[in-house]
1. Only one of (1) over 17 Å from the mean Cα position of the chain (by Cα); (2) within 16 Å of ligand 2 (Cβ to nearest atom) is not met by GLY85, so which one is it?
2. When the residues of the stretch 2-40 are narrowed to those that are more than 15 Å from ligand 1 (Cβ to nearest atom) and either without any contact (Cβ under 8 Å) to a residue 60 or more places away in the chain or on the phi > 0 side of the Ramachandran plot (or both), which ends up surrounded by the most Cβ atoms within 10 Å (Cβ to Cβ)?
3. Out of GLU112, GLU157, GLU135, which single residue is among the charged types (D, E, K, R), out of contact with any helix residue (DSSP H, G or I) (no Cβ under 7 Å at 6 or more places or on another chain), surrounded by 15 or more Cβ atoms within 10 Å (Cβ to Cβ) and in contact (Cβ under 8 Å) with a residue 24 or more places away in the chain?
4. I'd like the residue in the stretch 177-199 that is under 18 Å from the mean Cα position of the chain (by Cα) and among the aliphatic types (A, V, I, L, M) and, out of all such residues, is nearest to VAL59 (Cα to Cα).
5. Kindly list the number of the only condition in (1) under 15 Å from the mean Cα position of the chain (by Cα); (2) farther than 20 Å from GLY7 by Cβ that fails for LEU58.
6. For the stretch 28-127, which fully contained helices (runs of 4 or more DSSP H) count at least 2 residues that are within 30 Å of GLY191 (Cβ to Cβ)?
7. Output the residue which, of all residues in the stretch 139-166 that are touching a Lys or Arg at 6+ places or on another chain (Cβ under 6 Å) and more than 12 Å from ligand 1 (Cβ to nearest atom), is farthest from GLU54 (Cα to Cα).
8. Picking from CYS150, CYS133, which residue would you name as being within 14 Å of ligand 2 (Cβ to nearest atom), at negative phi and among the hydrophobic types (A, V, I, L, M, F, W, C)?
Amino acid sequence: MNLILLGPPGAGKGTQAKIIEQERGLVQLSTGDMLRAAVAAGTEIGKKAKAVMEAGELVSDDIVIGIISDRIDEPDVQGGFILDGFPRTVAQAEALDKLLAEKGKKLDLVIEMKVEDEPLIKRITGRFTCAKCGEGYHDEFKKPAVEGVCDKCGGTEFKRRADDNEETVRSRLEAYHAQTAPLVDYYAGKGILKSVDGMAPIDEVTNQIRAVLDSV
Ligand code: ADP
Ligand code: ADP
Ligand code: ZN
């Protein structure tokens, strides 16, 4: 199965993608993670993306479409994927349709995570991840069981994203409403959109997503 998790920054896409990935044998494809890896490695793409990401704006469609197109060809993705953070514009959605058709694949489902804007600021400014395994946490909503120790791998180093500050989050939310929200109608029109309540606690959102996955 190939699906998209659609929602603004902080909606819980990454959190849920990691759970579903393990349960259903799908692969999470996060363009944000891929771009951050490119920035860290100092590649040509990373150099182009760095300032744009720090400003909370969208990297060019060409760059992210190229990254996704290459990634979808890799062997580990052939059993199905969860797109997290892509597509983010109608042009990206159209390019995705075209490239999947060319590769003989299709999208089965788009899950919209419905959330309100204001609570997202708190989610994003409190977000941190394990430096070793990438497990996601939150200062208030998802603390490690033992403070300072990763539940998953026992790692003791954590990191916060450069763009997870209030000012940048507001720009990212603006970009979401202007450029990404139209995708809700785009996929509803194709009859593959389902919605879940992203304001519910993490476990409940997971249950709603499981129910949607079982229904298709
Ligand atoms: P979040 O999960 O908080 O929404 P992401 O990790 O998905 O954030 O994205 C971080 C940043 O990377 C975005 O603000 C944007 O600059 C860039 N980015 C990620 N995916 C895309 C995309 N599909 N198109 C354009 N820019 C992207
Ligand atoms: P996204 O990938 O959509 O940007 P994340 O999955 O990284 O969002 O979640 C943002 C932050 O909010 C993380 O710190 C995460 O632990 C927390 N979080 C995720 N889902 C929920 C939820 N349903 N309720 C409360 N906090 C959540
Ligand atoms: Zn860890």
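1. It fails just one condition, (1).
2. Taking the candidates together, the pick is LEU26.
3. GLU135
4. ALA178
5. Exception for LEU58: condition (2).
6. Numbers: elements: 31-41, 44-54, 61-72, 90-102, 117-125.
Helices (runs of 4 or more DSSP H) meeting the threshold: 31-41, 61-72, 90-102, 117-125.
7. Taking the candidates together, the pick is CYS153.
8. Numbers: CYS133 fails: within 14 Å of ligand 2 (Cβ to nearest atom).
Unique residue meeting the criteria: CYS150.
Read-outs: derived from the displayed coordinates by stated rules, not from any lab. It should be emphasised that the depicted structure is a prediction, and the values quoted were computed from it without experimental measurement. Heads up, the Cβs are rebuilt from the backbone with ideal geometry, glycines too, and the neighbour counts pull from every protein chain shown.
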